[in-house]
1. From the list Lys152, Lys132, Lys179, exactly one residue is in contact with a Leu (Cβ under 7 Å, 6 or more places away or on another chain) and either at negative phi or modelled with pLDDT under 95 (or both). Which is it?
2. Determine, yes or no, whether Ala60 is touching a residue at least 12 places away in the same chain (Cβ under 8 Å), crowded, with 21+ Cβ neighbours inside 10 Å and in contact with a strand residue (DSSP E or B) (Cβ under 6 Å, 6 or more places away or on another chain).
3. Take Ala284 and tell me if it is of a type in the set (Gly, Ala, Ser), within 27 Å of the chain's Cα centre (by Cα), over 26 Å from His122 (Cα atoms) and surrounded by 18 or more Cβ atoms within 10 Å (Cβ to Cβ).
4. Of all residues in the range 121-177, which are among the polar types (S, T, N, Q) and closer than 19 Å to Val197 by Cα?
5. Considering only the range 87-109, state which residues are part of a loop (DSSP other than H, G, I, E, B) and out of contact with any strand residue (DSSP E or B) (no Cβ under 9 Å at 6 or more places or on another chain).
6. Pairs needed: first member in the range 257-281, closer than 14 Å to Leu324 by Cα; second member anywhere, of a type in the set (Asp, Glu) and surrounded by fewer than 15 Cβ atoms within 10 Å (Cβ to Cβ); C-beta distance under 6 Å; at least 6 residues apart or different chains.
7. For the condition under 26 Å from the mean Cα position of the chain (by Cα), assigned by TED's automatic domain parsing to the domain that holds Pro123 and surrounded by fewer than 22 Cβ atoms within 10 Å (Cβ to Cβ), what is the one hit in Glu269, Glu252, Glu292?
8. From the set of residues in the range 110-156 that are more than 24 Å from Leu234 (Cα to Cα) and small (Gly, Ala, Ser), which is surrounded by the most Cβ atoms within 10 Å (Cβ to Cβ)?
Amino acid sequence: MTKECREIFQLIEEWSPKDLAYDWDNVGLQLGSPRKKVKKVMVTLDVLESVVDEAVDKGADLIIAHHPILFKPLSEIDMETPKGKAIKKLIQHDISVYAAHTNLDVASGGVNDLLCEALHIHPEEVLVETGKERLMKVAVYVPKAQLEDIRKAFHQAGAGHIGDYSHCSFQTDGEGTFKPLEGTNPYIGSENKLEVVHEVRVDTIVPEGKVKEVIHNVIEAHPYEEPAYDIYPLENPGKSIGIGRVGHFEREMSLRELSEKVKHAFGLEKLRVTGDLDAKVKKAAVLGGSGEKYIHAAKVKGADVYITGDMSFHMAQDAMEMGLSVIDPGHYIESVMKEAMKHYLDKGLNKENIDIFVSQVDTDPFQFI
């Protein structure tokens, strides 16, 4: 069985919508056709020529990457350059490429949450807010006997959260009327006869990105052939969305011990650290990729230590002078997204017999000697 590229893109965008990406970013389809049939998908951090060679050898039809291969506008495609060679091979072998970059960084459960999970940090807030989650209200009309089925359908899809409270809903009793027309198979009533049924309207609050899954669950759980439901946009502000995460460790530890834990979590031989290695740390800011310009945000959020990549000399000095310790494990730790994306696609396509595999090419340009 095959899927079209666009169907896989839609699945990815349910997790990391493209509108979460920064304006300067280039996410989504990079090369290829949305209608291309796909049997085999490779997940990678980067799309280098060596990665393309691996995709060709393993028969991939589609590459899902974190870092876009087309990031800045191209004025030419020189087939003698590394990027030009990679693009040529992708076209020759009809391999499409899709990138989920800063949208996957921002998304709930995305790169920054995955980094926190690896380090056993409980994320409590975003490091830099980029917006607010849009909220919707979903109202479903159902016979009272099936009310609990609908509530369960809501909450299994992630609806009904208000602040620190879950399973939030409200019900109103009333009467529903309908006439099953010819050819229907009504749960209640008979063809061509007007029915009046004691029904309940149950309302809940839903993040916009979860509405589709909520409605799917409702239709699956509802006894009627044609369930009645309403969807309303709300002005209530949702939770903050943004880049990076801030949270606490399970216990206080020294900066030296934390540095060792970071090395172990990401399989690193060495990393760079600023600050007193014997100082105690409890609260951390985490940002995958290049995060040096957010040192002030980390300090304002009360972090004892900032874990991010690509720190330059002078920015590290600035952090040190303001009393913020920094651990720089490198940009490559974002590769945590590879297994997570594979798991997500396996779950979403588990009935489609699509082969999802992770690239084994190490694209980290740095080594320690």
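The values are calculated or read from the model by the stated rules, or taken from the named source; none is laboratory data. Just so we're clear, the structure is a prediction, and the values are computed from it rather than from any experiment. Cβ: placed from backbone, ideal geometry, glycine included. Neighbour counts: every protein chain shown.
1. Matching residue, one of Lys152, Lys132, Lys179: Lys179.
2. For Ala60, the condition - touching a residue at least 12 places away in the same chain (Cβ under 8 Å), crowded, with 21+ Cβ neighbours inside 10 Å and in contact with a strand residue (DSSP E or B) (Cβ under 6 Å, 6 or more places away or on another chain) - is met.
3. Taking the combined requirement at face value, the residue does not satisfy it.
4. Gln146, Gln171, Thr172, Thr177
5. His93, Asp94, Gly109
6. Lys280/Glu252
7. Among Glu269, Glu252, Glu292, only Glu292 is under 26 Å from the mean Cα position of the chain (by Cα), assigned by TED's automatic domain parsing to the domain that holds Pro123 and surrounded by fewer than 22 Cβ atoms within 10 Å (Cβ to Cβ).
8. Step by step, filter the range 110-156, then rank; the result is Gly110.
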